[in-house]
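Asks: Provided herewith is a single structure, encoded as structure tokens, for subsequent inquiry.
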Amino acid sequence: QVQLVVPMAVVFGPGSVPGDLPGPLPFRDVQEMEISVNLRTSVTSRYEMLFRSTTGQEEAALAAATAREADAALHPLQDTTLGSLTVYVVPETSSLLPQGIKVYVGKHRSALVRAGGSLAALQAQLREVAQVMSFTASSIAAALSDRVPDGQLSPDARRYLKSSLGYEITFSLLNPDPKSHIVDWDIEGAVNRYVKPVLDKLSLVANFSVDSQILYYAVLGVTPRYDKESSSFLLSAHSLPHVINPVEARLGSSAASLYPVLNFLLYVPERSHSPLYIQDKDGAPVSTNAFHSPRWGGIMVYNVEAPASPQASLPLHVDVDMARVMEVFLAQLRLLFGLSREEVPPEFLLEHPGNEGLADWELDHLLWAHTVENIATVSTTLTSLAQLLDKIGNIVIKDDVASEVYRAVASVQSAVTELSLGHLHAAFQASKEAVTSSERAFFDPSLLHLLYFPDDQKFAIYIPLFLPMAVPILLSLAKIVRETRQCKKEPTKMD
């Protein structure tokens, strides 16, 4: 049984304290909620709240002109431990929050909440804030998707990447018509400017490697439809799944990879199919001219402007606008990691994370989900290993395999304990160690060859060896038995 504990500090600014508090500040309160995964598995979420008043420095920070300035000023004053939250309650008349906005979520681990009058209304608001900034029932269900009945799983849950110790990101430029287009893209500069800050932030979650390639004469494999009204070519939504397979055969990046590969493809249409636009299910053009595939990556179509005069010499030189391309690819990367912001209530205002690509609380959101998923993965792996070893009676388990199993069990128990104490970082590290140890034990070479060594194969090997030796031994035994019987039958001679 896993218990997820979120430490929360609820700080009341001047004039925002509800009149129906149960006692003087500071005091503590606990809210629990059970997240049911299936009939046998459930996860308990526990929000441990400390209610207190603002300090002098926090009051000065809350006197800022805008919520963004207040968030920046409050950041050095708050608890920055992974998984912890600080919520500042401001008066209902405060001008920090725009009109119609009740909650402002900063880019660190704090939020501003407009006072609602009563403690019950405030607690309901705090529960919503905690779920947005830590984990929701749907994010935990997505992490445990292998155990959730199919009917109860949201469609987006299959989109997210499974937890892994590492990921490989490949950016590919597809130029199917190099006779017409010489395409130049500054992928190294774009990765350093746009992708590296995001991956530096995500380095706590997993290891990342980035590479790029240019593929010539690589076509999508689906012939687009020509539209006379717009004088353009269209790819409809139902044809998009057929685009990936022909392209993937050319990528070659996942063949020798130990980790999941994320593919981001920039496709420059050939001159005979330009301009090319993607349509959604309703037939409307997609504004980004891109689409993504769950747990695989994304493809963006980059149209080249036609030359002003038809006599223009070919090939045309094309400089790719990397800012526009990377904006799309980073949005797709966030979708693949389950960091979509679409489910936020309308009265919530979320600060843009800036160059870092994701806020501190979004990183915590990933760590909560991956820790729970790692614990479930270790449980499944060790159970499978135990069942396998039970079936093979004569298997020899080496000491190093046994020690890996013991280490995995100890690490996963440590992860569960740290979660129940609210120590997210320690719990995540322990869960990663547990996954590593359980995988080493399960795929140990000394166990693997016995899986393909059934009993009838042993007879086939050993009978030709022992039968030639067994024949003279059996004949000798038969002769001894015969002689013994004859000795017993002969009468004993008496003098």
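The values are calculated or read from the model by the stated rules, or taken from the named source; none is laboratory data. Every value quoted in this text rests on a predicted model; they were computed, and no experiment measured them. So basically every Cβ, Gly included, is an ideal-geometry build from the backbone, and we count neighbours across all protein chains shown. To get the accessible areas, we keep the full protein, side chains included, count just its heavy atoms, and leave off ligands, DNA and RNA. Shrake-Rupley method; radii C 1.70, N 1.55, O 1.52, S 1.80 Å.
Asks: Report, to the nearest whole %, how much of the accessible area of segment 240-383 belongs to carbon and sulfur atoms, 1.4 Å probe, protein only.
Replies: The C+S portion of the solvent-accessible surface of segment 240-383 is 54 percent.
Asks: Can you tally the net charge around residue 98? Count Lys and Arg as +1, Asp and Glu as -1, for every other residue whose Cβ sits under 13 Å from the Cβ of residue 98.
Replies: Net charge around residue 98: +1.
Asks: Relative to the present Cα-Cα distance, how much length would full extension add between residue 324 and residue 80 at 0.36 nm per residue of separation?
Replies: Between residue 324 and residue 80, full extension yields an extra 84.5 nm.
Asks: Another one. For segment 28-44 and segment 350-417, what is the separation of their Cα centres, given in Å?
Replies: Segment 28-44 and segment 350-417 have Cα centres separated by 20 Å.
Asks: With both bridge residues required to lie in segment 166-337, what share of the DSSP beta bridges run antiparallel, to the nearest 5%?
Replies: Given both bridge residues lie in segment 166-337, the antiparallel proportion sits at roughly 20 percent.
Asks: Say each of residue 200 and residue 257 gets a label point 7 Å from the Cα, pointing the same way as Cα to Cβ; how far apart are those two points in nm?
Replies: For the pair residue 200/residue 257, the computed spacing is 2.4 nm.
Asks: Treating cross-link reach as a plain straight distance, find the lysines whose alpha-carbon is under 30 Å from the alpha-carbon of residue 179, omitting any fewer than eight places away in the same chain.
Replies: 228
Asks: Tell me which lysines have Cα within less than 20 Å of residue 489's Cα, excluding those fewer than 8 residues away on the same chain?
Replies: Output for residue 489: 479.
Asks: Where does the chain land at 222 nm, in deg cm²/dmol rounded to the nearest 500, when only DSSP H runs of n ≥ 4 count, each adding -39500 (n - 2.57), divided by all residues?
Replies: -12500 deg cm²/dmol
Asks: Filter 107/432; 201/281; 398/458; 162/398; 391/432 down to the pairs with a C-alpha to C-alpha distance above 24 Å, please.
Replies: Listed pairs above 24 Å: 107/432; 201/281; 162/398; 391/432.
Asks: Taking amide H atoms as placed 1.01 Å from N in the peptide plane, list the residues 5 or more away in sequence, or in a different chain, whose amide H sits under 5 Å from that of residue 10.
Replies: 50, 51, 52, 87
Asks: Given charges of +1 on the Cβ of Lys and Arg and -1 on the Cβ of Asp and Glu, with all other atoms neutral, how large is the dipole of segment 360-447 about its Cα centre, in debye to the nearest 20?
Replies: The calculated dipole for segment 360-447 is roughly 320 debye.
Asks: For 363, 165, what's the largest-to-smallest order of accessible area, 1.4 Å probe?
Replies: Of 363, 165, the descending order of accessible area is 165, 363.
Asks: Looking at segment 159-221, which trypsin sites (Lys or Arg not before Pro) are DSSP coil and have at most 16 other C-beta atoms within 10 Å of their C-beta?
Replies: Filter output for segment 159-221: 162, 179.
Asks: Calculate what fraction, in whole %, of the accessible area of segment 32-162 sits on carbon and sulfur atoms when a 1.4 Å probe is rolled over the protein chains.
Replies: 50
Asks: Using only Cα atoms, find the angle between the long axis of helix 360-391 and the longest principal axis of the chain, and express it within 0 to 90 degrees, rounded to the nearest 10.
Replies: For 360-391 against the chain, the angle is about 10 degrees.
Asks: Please arrange 75, 370, 317 by accessible surface area, largest first, computed with a 1.4 Å probe and ligands excluded.
Replies: The most accessible residue leads, giving 317, 75, 370.
Asks: On to the next question. May I ask you to give the solvent-accessible area per residue for segment 360-447, in square angstrom, as obtained with a 1.4 angstrom probe?
Replies: Per-residue value: 44 Å².
Asks: With all protein chains present, calculate the accessible area of residue 139 using a 1.4 Å probe and round the result to the nearest 10 Å².
Replies: Rounded to the nearest 10, that gives 20 Å².
Asks: Same structure again: Take the Cα pairs of the chain, get the Kirkwood Rh, then feed it into Stokes-Einstein at 4 °C and 1.567 mPa s and tell me D in µm²/s.
Replies: My calculation gives 47 µm²/s for D.
Asks: OK, next. In Å², and per residue, what accessible area does segment 1-92 have when probed at 1.4 Å with the other protein chains present?
Replies: With all protein chains present, segment 1-92 gives 49 Å² per residue.
Asks: Now, a different point. Fully extended, how many nm does the chain gain between residue 480 and residue 50 (0.36 nm per residue separation, minus their Cα-Cα distance)?
Replies: Additional length available on full extension: 145.7 nm.
Asks: For a Förster distance of 41 Å, can you work out the FRET efficiency between the beta-carbons of residue 137 and residue 72, rounded to the nearest 0.05?
Replies: Plugging the Cβ-Cβ distance into 1/(1 + (r/R0)^6) gives 0.80.
Asks: Averaged per residue, what accessible surface does segment 166-337 expose to a 1.4 Å probe, in Å²?
Replies: Value returned for segment 166-337: 50 Å² of accessible area per residue.
Asks: Using the Karplus curve 6.51 cos²θ - 1.76 cosθ + 1.60 with θ = phi - 60°, what ³J(HN,Hα) values do you get for each residue of segment 407-415, in whole Hz, with x for Gly and Pro?
Replies: Karplus-based 3J(HN,Hα) across segment 407-415 equals 5, 5, 5, 5, 5, 6, 5, 5, 4 Hz.
Asks: I'd like the orientation of helix 322-336 relative to the chain: the angle between its Cα long axis and the longest Cα principal axis, in ° from 0 to 90, rounded to 10.
Replies: 50
Asks: With equal scatterers on the alpha carbons only and no solvent term, can you work out the Debye log10 of I(q)/I(0) for segment 360-447 at 0.21 1/Å?
Replies: -0.90
Asks: Does anyone have the angle between helix 455-489 and the longest principal axis of the chain? Alpha-carbon axes, 0 to 90°, nearest 10?
Replies: On a 0 to 90 degree scale, this one is about 20.
Asks: Hey, another quick one. Subtract the Cα-Cα distance of residue 463 and residue 395 from 0.36 nm times their separation in residues, and report this length gain in nm to one decimal.
Replies: Separation in residues times 0.36 nm, less the Cα-Cα distance, equals 22.4 nm.
Asks: Give a quick list of chymotrypsin sites (Phe, Trp or Tyr not before Pro) in segment 1-58 that DSSP marks as loop, anything other than H, G, I, E or B, with at most 11 other Cβ atoms within 10 Å.
Replies: Sites meeting the loop and neighbour criteria: none at all.
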